[in-house]
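Below is one structure, written out as structure tokens; comments come after it.
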């Protein structure tokens, strides 16, 4: 009886070892044998995506000349813009919108470093979820984890750059002209937070586009490490 029990336990142990080896081999084949590489590949994806987005959006006209990203006066200003254009003051509307977009473009130049700093504490579970997630899973994770911090750091950058491009002077001029028009209703809305919000929306939109490009072509748009991880996840 003792010998039978010994053989039975030995069989279980051998089966367990074989199973561990099989799982290890399967994990390695799937590209997940090295947890640090897994996290590094996802971080690289976000760093590359955010850097390219930042570089692209910091170019002159990147927001202003792109209908999908252009920052226009909010809906609350529809009455203002239509009235201004009706009375021949459309140039003031164009000027304020130009300064808003220029502020966003200049602030975007600093966004890349802020993005890279914010992904340092990513966990293995986070990285694995991103790899197995949708085409913008990395961007979605990045936004959920960093938007609040980015907003705080982006605010003074936007404010400084709006000052440099003359936004506040243009805005006051627009309001003065509008409020001087007979029968127009006085308005005085704070647009700084609005510009920050629209700037960040544009940033995350471009990061998502870059992520999708990397997922579609991980070697050509990313790196060998990214290719090995993302390509394995699709098998």
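Data table
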| read-out | value |
| --- | --- |
| Residue 48 vs. criteria under 20 Å from residue 163 (Cβ atoms) and part of a helix (DSSP H, G or I) | no |
| Unique match (being assigned to a helix (DSSP H, G or I) and over 15 Å from residue 193 (Cα atoms)) among 120, 143, 159, 151 | 143 |
| Test: residue in the range 109-128 that is within 21 Å of residue 191 (Cβ to Cβ), out of contact with any strand residue (DSSP E or B) (no Cβ under 7 Å at 6 or more places or on another chain) and at pLDDT 85 or above | no |
| Residue in the range 79-94 that is outside any helix (DSSP H, G or I), out of contact with any helix residue (DSSP H, G or I) (no Cβ under 6 Å at 6 or more places or on another chain) and over 23 Å from residue 158 (Cα atoms) present | yes |
| Pairs where the first residue, in the range 130-144, is within 13 Å of residue 200 (Cα to Cα) and the second is not in a helix (DSSP H, G or I), C-beta under 7 Å, 6+ apart | 142/119 |
| Considering residues of the range 196-217 that are touching a helix residue (DSSP H, G or I) at 6+ places or on another chain (Cβ under 7 Å) and more than 30 Å from residue 77 (Cβ to Cβ) only, the residue surrounded by the most Cβ atoms within 10 Å (Cβ to Cβ) | 211 |
| Residue 99, sole failed condition from (1) part of a helix (DSSP H, G or I); (2) closer than 16 Å to residue 208 by Cβ | (2) |
| Residue 36 being crowded, with 18+ Cβ neighbours inside 10 Å and in contact with a helix residue (DSSP H, G or I) (Cβ under 9 Å, 6 or more places away or on another chain) | no |
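Residues checked against (1) surrounded by fewer than 20 Cβ atoms within 10 Å (Cβ to Cβ); (2) assigned by TED's automatic domain parsing to the domain that holds residue 107; (3) modelled with pLDDT under 85:
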{"residue": "161", "(1), (2), (3)": "no, yes, yes"}
{"residue": "164", "(1), (2), (3)": "yes, yes, yes"}
{"residue": "171", "(1), (2), (3)": "no, yes, yes"}
{"residue": "174", "(1), (2), (3)": "no, yes, yes"}
{"residue": "182", "(1), (2), (3)": "yes, yes, yes"}
{"residue": "189", "(1), (2), (3)": "yes, yes, yes"}
{"residue": "194", "(1), (2), (3)": "yes, yes, no"}
{"residue": "219", "(1), (2), (3)": "yes, yes, no"}
{"residue": "224", "(1), (2), (3)": "yes, yes, no"}
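The values are calculated or read from the model by the stated rules, or taken from the named source; none is laboratory data. Not measured: the values here are computed from a predicted model. Note: ideal-geometry Cβ built from the backbone for every residue, glycine included; neighbour counts use all protein chains shown.
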